[in-house]
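K.L.:
For reference, the structure I am asking about is given below.
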Amino acid sequence: MREHPSVPAHVTIDLSAVTTAADLHAALRAGLDFPAWAGHTWDAVEDVVNRMIELPADVTFQGWSAAGAALPRDTLVLRRILDDYQSRHDGRAGYQTHFHYEG
């Protein structure tokens, strides 16, 4: 069971219009409700995801292929951060998040 009932069970983050790293960060920040004061770097994203917010049980990224084509390095870094999160929390009740990368 999740600690905070206000965290939705599923979030879809639309990346179809993402063409810059700033766009990718903005979509991620909005979709996962990052604190306003959080930094705009991949290190900050990693800190927020791992230590500062509770993630939904399911997160779907729509438009992943297009974002990956436009920003191969940034999507690779994001994928590594999320894969690491999953590995660290695998099997921990209430902390399992499934990431889906579509289109």
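K.L.:
Could you state the angle between the C-alpha long axis of helix 72-89 and the longest principal axis of the C-alpha atoms of the chain, as a value from 0 to 90 degrees rounded to the nearest 10?
P.N.:
That works out to roughly 10 degrees.
K.L.:
Determine the shape class of region 20-103: with a ≥ b ≥ c the square roots of the Cα gyration tensor eigenvalues, call it rounded for a/c under 1.5, and otherwise prolate if a/b is greater than b/c, oblate otherwise.
P.N.:
Oblate.
K.L.:
At a Förster distance of 22 Å, what's the computed FRET efficiency of Asp84 paired with Ala17, Cβ-Cβ distance as r, to 0.05?
P.N.:
0.25
K.L.:
What does the charge count around Ala30 come to, taking other residues whose C-beta lies under 15 Å from its C-beta (Lys +1, Arg +1, Asp -1, Glu -1)?
P.N.:
Its environment carries a net charge of -2.
K.L.:
How do Trp42, Trp64, Trp37 line up, fewest other C-beta atoms within 10 Å first?
P.N.:
Trp37, Trp42, Trp64
K.L.:
Another question, if that's okay. Using Cα-Cα distances under 8 Å and only pairs 6 or more residues apart, what relative contact order does the chain have, in percent?
P.N.:
Working: 128 pairs, mean separation 38.1, N = 103.
Normalised by residue count, the contact order of the chain is 37 percent.
K.L.:
So how tilted is helix 21-31 from the main axis of the chain? Cα-based, degrees 0 to 90, rounded to 10.
P.N.:
30
No value in this document is a laboratory result; all are computed from the given coordinates. These numbers were taken from a predicted model, which means no experiment stands behind them. Positions of Cβ are generated from backbone atoms using ideal geometry, with glycine treated the same way; all protein chains shown enter the neighbour counts.
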